[in-house]
């Protein structure tokens with residue numbers, strides 16, 4: 001319905017702009033380059049299929065923000081089904097904070113929303129949008145309907161993150177974006193700056209790391225898959241843990257490449 005009110009130039013501009021961040025550097029070319037880097041043996045036909053379905057998914061995510069209140073309050077299990085709810089219940093009952101990790105799969109906002117709805121004290125790490133006006137709107141939406149406690153990504157949010165964890169707040173974050181304060185870690189066979197927050201929290205507090213994957217089903221329904229907590233040995237290094245989590249991310253992307261957001265410049 002949104003497209004009924006747009007001109008041809010508007011539609012063309014949307015295709016060249018990341019609709020979540022407002023960054024015009026993310027166009028079709030960047031997506032194609034990223035797909036080829038991760039999947040070097042892929043043919044042009046499948047590249048086109050992946051990119052078109054990704055943009056369709058992006059459009060749905062954008063439109064779903066307008067219904068985020070209804071999604072949050074809905075009791076219809078067909079809209080969002082949970083595989084592994086017992087894992088969330090156990091985390092809630094033990095009252096020990098964990099680190100939830102995921103990537104930008106489908107409507108990625110649903111991870112923090114569903115964790116908080118499960119009764120777990122949660123702080124979600126987010127990246128402020130480049131568009132300051134849109135960012136104010138998004139911050140209000142996220143605090144009101146997704147997760148009450150939001151922590152800005154980067155060094156400025158580190159103290160808040162540690163204080164929150166010490167107060168028994170679990171942490172939720174996406175591990176698939178390039179971060180300048182991260183380390184170079186192998187991702188699809190190439191070095192990519194990767195967050196070390198999960199690994200650092202494990203090394204400091206010995207906490208569990210819980211991967212979550214969000215699958216879109218028939219365009220309008222979702223399945224949130226909560227994996228069993230990962231417990232690393234005390235001898236595991238930050239580099240080893242970070243690489244292992246990247247491997248998990250790769251496996252989930254390869255499960256269905258059309259359901260991951262390819263516009264992030266992971267290898268810059």
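The values are calculated or read from the model by the stated rules, or taken from the named source; none is laboratory data. Note that this is a predicted model, so its numbers are computed, not measured. Neighbour counts run over all protein chains shown; Cβ positions are idealised from the backbone, glycine included.
Points to keep in mind about this one:
- Complete set of residues in segment 101-140 that are over 14 Å from the mean Cα position of the chain (by Cα), farther than 20 Å from residue 177 by Cα and surrounded by 16 or more Cβ atoms within 10 Å (Cβ to Cβ): 116, 117, 118, 120, 121, 122
- Any hit, segment 93-100, residues being within 16 Å of the chain's Cα centre (by Cα), surrounded by 15 or more Cβ atoms within 10 Å (Cβ to Cβ) and farther than 30 Å from residue 158 by Cβ: no
- Against the criterion of being surrounded by fewer than 16 Cβ atoms within 10 Å (Cβ to Cβ), in contact with a helix residue (DSSP H, G or I) (Cβ under 9 Å, 6 or more places away or on another chain) and part of a helix (DSSP H, G or I), residue 52 qualifies.
- The number of residues in segment 252-264 being out of contact with any strand residue (DSSP E or B) (no Cβ under 7 Å at 6 or more places or on another chain) and within 17 Å of residue 108 (Cβ to Cβ) comes to 8.
- Test: residue in segment 240-259 that is in contact (Cβ under 8 Å) with a residue 40 or more places away in the chain, assigned to a strand (DSSP E or B), buried (at least 18 other Cβ atoms within 10 Å of the Cβ) and within 15 Å of the chain's Cα centre (by Cα): no
- Those helices (runs of 4 or more DSSP H) lying entirely in segment 124-237 with at least 1 residues closer than 24 Å to residue 94 by Cα and at pLDDT 95 or above: 158-166, 197-205
- In segment 77-115, of all residues being without any contact (Cβ under 8 Å) to a residue 60 or more places away in the chain and not in a helix (DSSP H, G or I), the one that is farthest from residue 266 (Cα to Cα) corresponds to 77.
- In this structure, residue 82 does not satisfy being touching a helix residue (DSSP H, G or I) at 6+ places or on another chain (Cβ under 9 Å), over 30 Å from residue 201 (Cα atoms) and surrounded by 13 or more Cβ atoms within 10 Å (Cβ to Cβ).
- Selection status of residue 69, over 17 Å from residue 223 (Cα atoms) and either surrounded by 13 or more Cβ atoms within 10 Å (Cβ to Cβ) or in contact with a helix residue (DSSP H, G or I) (Cβ under 6 Å, 6 or more places away or on another chain) (or both): yes
- Only listed residue being surrounded by fewer than 22 Cβ atoms within 10 Å (Cβ to Cβ), more than 22 Å from residue 47 (Cα to Cα) and touching a residue at least 60 places away in the same chain (Cβ under 8 Å), chosen from 230, 220: 220
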